[in-house]
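The values are calculated or read from the model by the stated rules, or taken from the named source; none is laboratory data. Model, not experiment: these values are computed from the prediction. Cβ sites come from the backbone with ideal geometry, for glycine too, and all protein chains shown count toward neighbours. For accessibility, only protein heavy atoms count, side chains too; no ligands or nucleic acids. Shrake-Rupley method; radii C 1.70, N 1.55, O 1.52, S 1.80 Å.
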Amino acid sequence: MNGVGKATLLGVTVPTVRTFAIPENEIMGSENFSKPYLQNLKEDRVSIMFITKENSLSWVEYGEEKCDQKAFKKVDGFIEANNRLNKIKLKGLKPNTTYQYQVVSKPLIKFEPYEQQFGKVIKGEIYYFTTPSKDSNEVSCIILNDIHDRPYSFRELMALNNDFTYDFVALNGDMFDYQTDEKQLIDHLIAPCTDLFASEKPFLMIRGNHETRGKYARQFKDYFDYEGNEFYFSFRQGPVHFIVLDSGEDKEDDHEAYNGMVDFDDFRKEQAAWLQNELENNTYNSCKYKVVLMHIPPYHSGDWHGTTHCREVFSPIFEKHNIDMVISGHTHRYGIHKANDEHSYPIIIGGGPKTGSRTLIQLHADNKRLNIKMISDKGEVVGEYYS
């Protein structure tokens with residue numbers, strides 16, 4: 001342990017910095033953490049998120065053969081500290097490479113201008129992830145929707161997956177009824193997902209209309225890593241250009257339930273303008289398929305305002321740019337809706353949330369075809385689609 005002395009700088013006497021070394025024999029286990037979860041895994045980078053019980057200084061140790069590299073979150077010259085929610089990016093990774101990693105934390109017991117005191121070092125378990133291949137000609141993912149605060153559904157639905165291998169999981173909206181606090185996020189989504197897959201396979205958290213409700217809805221984004229920090233974004237994996245849209249609320253903005261605190265019509269129009277530019281981007285010209293993930297489908301979802309406005313602002317762009325598929329939830333009635341006179345693209349709608357109507361959707365695409373299989377919570381295949 002270092003003591004506190006004094007130094008003179010420009011005629012002003014200030015205390016020197018006091019720090020507290022942590023003996024190696026005081027390193028503890030991982031009980032202080034939420035398990036880490038992967039976000040935004042790309043060929044050369046990944047974001048690792050985790051939550052500590054106490055305000056801490058945290059980092060990630062990682063590497064190929066052993067955890068011999070260290071990454072912190074750095075902002076404006078600071079290494080982030082004295083926080084609980086961590087989003088640490090690993091950069092400069094190699095494509096198609098398996099890495100191991102563990103999260104590490106030192107609780108900050110005292111944090112004064114010239115004096116910091118740390119608790120025992122806490123190290124998490126070692127986990128593994130594999131970066132996507134740069135030139136892969138296939139991709140697979142699992143899509144879940146409309147869990148509605150039933151955390152047991154994650155385990156029951158993922159058990160239906162059998163030996164289907166997947167690159168990521170898309171959570172296609174309404175994982176909750178509404179947002180109350182951090183504990184709800186941990187207990188009803190983060191913990192069940194990390195127990196099953198999320199420490200080694202990334203997931204996308206696509207916002208549904210129920211994620212826009214409740215007193216904690218405006219903090220929701222902090223717990224995930226979105227491309228460009230927006231709820232709408234796109235990315236390429238294998239032969240697929242994935243497009244994620246935020247379909248917003250299902251009622252009019254002036255509905256009494258919102259008390260004048262939402263403007264989802266403008267938000268959808270903003271996304272439509274972005275989508276038009278995104279689909280004209282030459283970056284994705286070589287992709288064989290364009291797949292849209294959005295919670296509220298533009299058709300087959302009644303005539304509520306959210307559905308009709310999505311239809312108005314998004315569907316003409318889908319038609320113009322020959323979207324191959326839209327995958328949604330929201331209706332709680334699963335179905336495969338083939339192209340028809342209203343829409344030239346198929347619309348896949350997953351079920352939920354009650355036992356007997358829940359589904360798991362498997363997507364696989366290669367250069368020959370795009371394949372969807374929908375499995376009910378009884379283990380039966382209730383829908384298939386082949387491009």
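Scan the stretch 315-332 and report the pairs whose first residue is at pLDDT below 95 and whose second residue is surrounded by fewer than 19 Cβ atoms within 10 Å (Cβ to Cβ), with Cβ atoms within less than 6 Å and a gap of 6+ or a chain change.
Qualifying pairs under 6 Å: none.
Being in a loop (DSSP other than H, G, I, E, B), over 22 Å from Phe224 (Cα atoms) and open to solvent by 30 Å² or more (accessible area, probe 1.4 Å), is that true of even one residue in the stretch 42-64? Give the derivation first.
Residues of the stretch 42-64 in a loop (DSSP other than H, G, I, E, B): 42-44, 64.
Restricting the remaining residues to those that are over 22 Å from Phe224 (Cα atoms) gives 64.
From what is left, the residues that are open to solvent by 30 Å² or more (accessible area, probe 1.4 Å) are 64.
Yes, some residue in the stretch 42-64 is in a loop (DSSP other than H, G, I, E, B), over 22 Å from Phe224 (Cα atoms) and open to solvent by 30 Å² or more (accessible area, probe 1.4 Å).
For the stretch 266-285, give me each residue that is assigned to a helix (DSSP H, G or I), of a type in the set (D, E, K, R) and open to solvent by 60 Å² or more (accessible area, probe 1.4 Å).
Pass one, the stretch 266-285, residues assigned to a helix (DSSP H, G or I): 266-279, 282-284.
If we keep only those that are of a type in the set (D, E, K, R) as well, we get 266, 268-270, 278.
Hits for the stretch 266-285 are Asp266, Lys269, Glu270.
Can you say whether Asp377 is in contact (Cβ under 8 Å) with a residue 40 or more places away in the chain, closer than 30 Å to Asn277 by Cβ and among the acidic types (Asp, Glu), as far as the supplied structure shows? So that I can check it myself, show each step before the final result.
Details: in contact (Cβ under 8 Å) with a residue 40 or more places away in the chain: yes; closer than 30 Å to Asn277 by Cβ: no; among the acidic types (Asp, Glu): yes.
Taking the combined requirement at face value, the residue does not satisfy it.
What is the residue count in the stretch 78-98 for residues that are part of a strand (DSSP E or B) and either acidic (Asp, Glu) or free of Cβ contacts under 8 Å to residues at least 40 places away in the same chain (or both)?
8
Would you check which residues across the stretch 324-344 are in contact with a Ser or Thr (Cβ under 9 Å, 6 or more places away or on another chain), part of a loop (DSSP other than H, G, I, E, B) and either open to solvent by 10 Å² or more (accessible area, probe 1.4 Å) or hydroxyl-bearing (Ser, Thr, Tyr) (or both) and list them?
Asp324, His330, Thr331, His332, Arg333, Tyr334, Glu342
Is there a residue being polar (S, T, N, Q), in contact with a Pro (Cβ under 8 Å, 6 or more places away or on another chain) and touching a residue at least 60 places away in the same chain (Cβ under 8 Å) anywhere in the stretch 195-207?
Of the residues in the stretch 195-207, the ones polar (S, T, N, Q) are 199.
Then keep just the ones that are in contact with a Pro (Cβ under 8 Å, 6 or more places away or on another chain); that gives 199.
Still in the running and touching a residue at least 60 places away in the same chain (Cβ under 8 Å): 199.
Yes, there is a match, as at least one residue in the stretch 195-207 is polar (S, T, N, Q), in contact with a Pro (Cβ under 8 Å, 6 or more places away or on another chain) and touching a residue at least 60 places away in the same chain (Cβ under 8 Å).
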